[in-house]
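A.B. asks: For reference, the structure I am asking about is given below.
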Amino acid sequence: MSLLAVPIIAVLALFLVIFTSTVLVVYLTKLKNKMIMLNMEVQGQSLLVNELQALYNKLQQEFDAMAENSERQTAENGQVSQQLEHRIKNLQQQVFVQQTLFTQWEENQGQDKFYNRAFKLAEKGADIEEIMTECELPRAEVEMLLSVYQQRVLAK
């Protein structure tokens with residue numbers, strides 16, 4: 001090896017060391033920038049997680065409030081339902097009483113129809129026999145009706 005070969009090798013080795021060092025510095029700078037970017041992204045994600053946690057807590061509170069309100073309304077609806085059932089039973093009883101009274105009235109009205117018809121026939125001047133035949137009433141009742149009718153006519 002010649003004397004000139006040693007400095008060339010040394011220069012080449014020095015150049016290789018400088019080049020490698022430069023490449024490493026550039027690579028480490030890029031890694032450092034990537035780490036900074038990743039760190040910023042982690043911070044952004046952390047903020048997002050915090051916001052989502054706050055939103056979750058708010059939604060959980062609203063849900064709890066809605067559940068409580070729903071339970072309260074269910075209890076109120078139960079009470080209203082019981083009151084309505086009680087009112088319905090009372091109304092059903094009243095309807096039954098009214099139906100009974102109406103049935104009794106209708107039964108009585110059937111008999112009254114004959115008497116009303118007899119009064120109308122008396123107004124038209126029908127005699128006892130005609131009223132007995134038309135209204136299917138006994139003679140004594142027809143005579144009594146005619147007597148009542150005549151008293152009414154005289155009282156007017």
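A.B. asks: Please work out whether the chain counts as rounded, prolate or oblate from its C-alpha gyration tensor, where a ≥ b ≥ c are the square roots of the eigenvalues and a/c under 1.5 means rounded, while otherwise a/b larger than b/c means prolate and anything else oblate? Walk me through the numbers on the way to the answer.
C.D. replies: On the way: a/c = 10.91, a/b = 7.37, b/c = 1.48.
Because a/c hits 1.5 or more and a/b exceeds b/c, the chain counts as prolate.
A.B. asks: Pulled fully out, how much extra length does the chain show between THR74 and LYS30, if you take 0.36 nm times their separation in residues and subtract their Cα-Cα distance? The partial results should precede the final answer.
C.D. replies: Values: separation 44, 0.36 × 44 = 15.84 nm, distance 6.37 nm.
Additional length available on full extension: 9.5 nm.
None of the figures in this text is laboratory data; all of them are computed from the coordinates on show. Being a predicted model, the structure only gives us computed values, none of them experimental.
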